[in-house]
1. Just to confirm, what accessible area per residue do you get for the range 184-277 at 1.4 Å probe, in whole Å²?
2. Debye sum, Cα scatterers, the range 69-228, no solvent: what log₁₀ I/I(0) at q = 0.11, 0.15 1/Å?
3. Can you tell me which of 182-190, 205-213, 249-257 comes out highest on packing, and rank the rest after it, using the mean Cβ neighbours within 10 Å?
4. Hey, what angle do you get for helix 3-19 against the long axis of the chain, alpha-carbon based, 0 to 90 degrees rounded to 10?
5. What list of ³J(HN,Hα) couplings, whole Hz, do you get for the range 261-277 from phi and the Karplus terms 6.51, -1.76, 1.60, once you set θ to phi - 60° and write x for glycine and proline?
6. Given the options Gly121, Gly79, Gly225, state which has the largest fluctuation in a GNM of the chain using a 10 Å cut-off (strictly under) for Cα springs.
7. Label 7 Å along Cα→Cβ of Trp139; the range 211-240 residues with amide nitrogen under 16 Å?
8. Going by alpha carbons, how many degrees (0 to 90, nearest 10) lie between the helix axis of 213-233 and the longest principal axis of the chain?
Amino acid sequence: MTPAELSRTVLHTVQCAVEADELPAAVPTRVTVRVPPRPGCGDFATNVALRVAQDTGRPAREVAEVLRKRLAAEPGIAGVEIAGPGFLNITLEGISYVRLVRELLSAPPRATEPLPLPDPGPALLARLGSDAARWSLLWPVGAGRAELLVQRDSNPLFRVRYAHARTQQLLRNARDLGFRSEAAEPAEYERPAAGPLLAALADHPRVTAARDPERLARHLDRTAGAFLTWQRDGDVLPRGDEKPSAVHRARLALAEAAGNVLADGLHQLGITAPAHL
């Protein structure tokens, strides 16, 4: 379930509650969902109960409880909890993430023109090269622009491009071992380590729709960091004489999906997505 699909589900839930006279309120024209700022707060959160409560005159947590019961019964939603004054924290089922990964596997980087950026200037291009020069227009450079040429984790451009190259290396190695990716193990995507990566991947359509290059650069850095943390948590490829299993195929599918997202975002910024680094 993508953020857009979840937004429509939440909006439909509000509409059903209003039509059933459970909430005497006007149905909002749109509902937003956001990735929670802290782990352990579900996959997505929405403030719709606080907005609806303004029309009903009832406490927001009471409104949230009405919506919680309905949302928890929706397909693809594993659980809903009420937080704070009336926020709804929503956890998706693993099968929804299987669908997300499958959609990303079928959506290679788009052949569109890069987002418009200011001209970095001949001197900056000569000093940094095209990729680092374009990234320098999107990211505050604390230690100087030369830092963007250094291959270390503190360099966000390197981190994003390295993460993409790592996904491509995993795919090459898997082909050498005779197996391909397959998103078919919901339990694998329910592991805590996969949560931040899946949340970042699910957020990609909303971020790219905003057509904000700086926001997209931050999103790619977040995605790259989540991918690198996730792939250190468990073996994507079999070791030694171990045979490729459904778990390996599912992990490879998540790595491939991450690679597609990183490549698509880098392309939109006019920056190359290397297969080797």
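1. Numbers: 3730 Å² over 94 residues.
Using a 1.4 Å probe on heavy atoms only, each residue of the range 184-277 averages 40 Å².
2. The computed values of log10 I(q)/I(0) come out as -0.61, -1.00.
3. Details: 182-190: 17.8, 205-213: 15.1, 249-257: 24.3.
Going from most to least packed, we get 249-257, 182-190, 205-213.
4. 0
5. 5, 5, 5, 4, x, 4, 4, 5, 8, x, 10, 6, 10, x, 7, 10, 8
6. Per the Cα network of the chain with a 10 Å cutoff, Gly121 tops the list.
7. From the range 211-240, the list is 213-229.
8. 80
The values are calculated or read from the model by the stated rules, or taken from the named source; none is laboratory data. Please read all numbers here as calculations on a predicted model, not as lab measurements. Cβ sites come from the backbone with ideal geometry, for glycine too, and all protein chains shown count toward neighbours. SASA here: full protein model, heavy atoms, side chains in, ligands and nucleic acids out. Shrake-Rupley method; radii C 1.70, N 1.55, O 1.52, S 1.80 Å.
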